[in-house]
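Reviewing the structure listed below.
Every number in this text was worked out from the coordinates using simple rules, so none of it is lab data. Everything numeric here is computed off the predicted structure, so don't read it as measured data. Cβ placement follows ideal geometry from the backbone for every residue including glycine, while neighbour counts extend to all protein chains displayed.
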Amino acid sequence: MSKYQEVLQQAQSLSPEEQLRLIEDLISAVRHRVTAKPKRSILELRGLGKEIWKGIDAQEYVNQERGKCNG
């Protein structure tokens, strides 16, 4: 018998009130683990790929791209 099936069987032997309490406790524990993950920040991307732009003048690049759009 798997551990899950064993726990399920034990939970089914509880009274309805105890089952509800168990469900609430499990939801609370899982929710805490899921929401405890740190949120990401866009600032983490700062400097990413900067080596690609090394030696390229930003204004010159923009002017070239605009020229492509204008024909």
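I'd like the full set of residues that are part of a loop (DSSP other than H, G, I, E, B) and among the small types (Gly, Ala, Ser), limited to the range 32-63.
36, 41, 47, 49, 55
Which condition does residue 14 not pass, out of (1) surrounded by 10 or more Cβ atoms within 10 Å (Cβ to Cβ); (2) in a helix (DSSP H, G or I), if it passes all the others?
Failing condition for residue 14: (2).
Looking at 42, 23, can you tell me which residue is without any contact (Cβ under 8 Å) to a residue 12 or more places away in the chain and surrounded by 10 or more Cβ atoms within 10 Å (Cβ to Cβ)?
Among 42, 23, only 23 is without any contact (Cβ under 8 Å) to a residue 12 or more places away in the chain and surrounded by 10 or more Cβ atoms within 10 Å (Cβ to Cβ).
Against the condition in a helix (DSSP H, G or I) and either touching an Asp or Glu at 6+ places or on another chain (Cβ under 9 Å) or exposed (fewer than 10 other Cβ atoms within 10 Å of the Cβ) (or both), how does residue 66 come out, does it pass?
Against the criterion (in a helix (DSSP H, G or I) and either touching an Asp or Glu at 6+ places or on another chain (Cβ under 9 Å) or exposed (fewer than 10 other Cβ atoms within 10 Å of the Cβ) (or both)), residue 66 qualifies.
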